[in-house]
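In what follows, a structure is listed as structure tokens, so that the remarks can point back to it.
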Amino acid sequence: MIVVHHLNNSRSQRVLWLLEELGMPYEVRRYQRDAGTNLAPPELLQVHPLGKSPVISDGELTLAETAAIVEYLVDRGGGGLRPAAGTPEQLRYTYWLHFAEGSAMPPLLMALITARIRRAGPFFVKPIARRIADSIQSTLVTPNLERQFAFMEGELSTRPWFAGTPFTAADVMMSFPLEAAVKRGRLDARFPRLNEWLARIHARPAYRAALDKGGRYDLLS
């Protein structure tokens, strides 16, 4: 039995969703973030040395990293939600599977860090911290995010899903950065295809079932 070590409000929600799409049986073990620090609890260190989520257990195997987990589960599930090898769709699938964490998430993480910098320190430091954070946002974060959103919007102008006509596990991977972008007020009405894509994934029965299994997911609030 596959066990998903599920941390609330984390990338592991994608793993639950993928398993629901694949129709594979699994067990959920829940972990809660620290209310003060928002970090994962120390119990996850007993599962994997990095103490982060997602992590899955499958017999003697323990596997971390979302894209690695996705590839493992797709293989274990017989190749469902993956285009046929050697096709243009398969190349796009591989690209978006890794774009999600390799390109899409770093500027969003930087946006989160700079937002915290703006609030950090005693009152006499805050003006300096804000100027530094605002400079990073305006010169690095915002231009990169808007360039990426425009690129993704253009890609979805020629097909309904990121890899092609069928829904694939690449769409599962892309959900977290785009949901995070909405949560942080970065993805607005200038990108209608991305917003419509999000509405379609949120309407999928497997997505709704994964929310029932995983519990509250604040990226949707």
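Could you tell me what fraction of 2.2 N^0.38 Å the Cα radius of gyration of region 1-99 comes to, as a two-decimal ratio?
Values: Rg = 14.5 Å, N = 99, 2.2 N^0.38 = 12.6 Å.
Taking the Cα Rg and dividing by 2.2 N^0.38 Å, one obtains 1.15.
Nearest 5 percent is fine: what portion of the DSSP beta bridges confined to the chain is antiparallel?
On the way: 8 of 14 bridges.
The answer is about 55 percent antiparallel.
May I ask you to list the chymotrypsin sites (Phe, Trp or Tyr not before Pro) in region 49-158 that are in a DSSP loop and have at most 16 other Cβ atoms within 10 Å of their Cβ?
The qualifying sites are PHE123, PHE124.
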Exercise. Only Lys, Arg, Asp and Glu count, each charged at its Cβ (+1, +1, -1, -1), so figure out the dipole size of the chain about its Cα centre, rounded to 20 debye.
Key: 940 debye
Practice problem: State the answer as a single residue: which of SER135, GLN32, TRP161 lies farthest towards the positive end of the charge dipole of the chain, with beta carbon charges of +1 for Lys and Arg and -1 for Asp and Glu, about the Cα centre. | Solution: SER135
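With 10 angstrom as the radius, rank ILE128, ILE136 by how many other C-beta atoms surround their C-beta, starting from the fewest. List each step's numbers first, then the result.
Working: ILE128 10, ILE136 16.
By the 10 Å Cβ count, ascending, the order reads ILE128, ILE136.
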Practice problem: In debye, nearest 20, what is the charge dipole magnitude of region 88-204 about its Cα centre with +1 on Lys and Arg Cβ and -1 on Asp and Glu Cβ, if you could check? | Solution: 580 debye
Exercise. Could you give the spread of the C-alpha atoms of region 88-204 along their three principal axes, from largest to smallest, in whole angstroms?
Key: 55, 25, 20
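Among residues other than ARG184 whose Cβ falls under 14 Å from its Cβ, what is the net charge (Lys/Arg +1, Asp/Glu -1)? Let's see the in-between values first.
On the way: positive: ARG116, ARG118, LYS183, ARG186; negative: GLU146, GLU179, ASP188, ASP218.
After counting each charged neighbour, the total is 0.
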Practice problem: Would you mind counting up the charge near PRO106? Only other residues with Cβ under 15 Å from its Cβ, with Lys and Arg at +1 and Asp and Glu at -1. | Solution: +2
Practice problem: Return THR114, THR142 ranked ascending by Cβ neighbour count within 10 Å, so the fewest neighbours appear first. | Solution: THR142, THR114
Quiz item: Say each of ARG116 and THR142 gets a label point 7 Å from the Cα, pointing the same way as Cα to Cβ; how far apart are those two points in nm?
Solution: 2.3 nm
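What does the extension gain come out to for ASP34 and VAL182, with contour length at 0.36 nm per residue minus their alpha carbon separation? Show your work: numbers first, answer last.
Values: separation 148, 0.36 × 148 = 53.28 nm, distance 2.35 nm.
Difference between extended and current length: 50.9 nm.
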Self-check item: Förster radius 22 Å - calculated FRET efficiency between ARG76 and GLU101 (Cβ-Cβ, nearest 0.05)
Solution: 0.60
Quiz item: Residues in region 157-191 near a label at ALA150, defined as backbone nitrogen under 15 Å from the 7 Å Cα→Cβ point?
Solution: 188, 190-191
Quiz item: If the chain were replaced by its equivalent ellipsoid, with semi-axes equal to the square roots of 5 times the Cα gyration tensor eigenvalues, what would those be, largest first, whole Å?
Solution: 30, 24, 14
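Any read-out appearing in this document is the output of simple, stated calculations on the displayed coordinates, not a laboratory observation. Treat the numbers as computed from the prediction; the structure is a model and nothing was measured. Here Cβ is always computed from backbone atoms with ideal geometry, including for glycine, and neighbour counts include all displayed protein chains.
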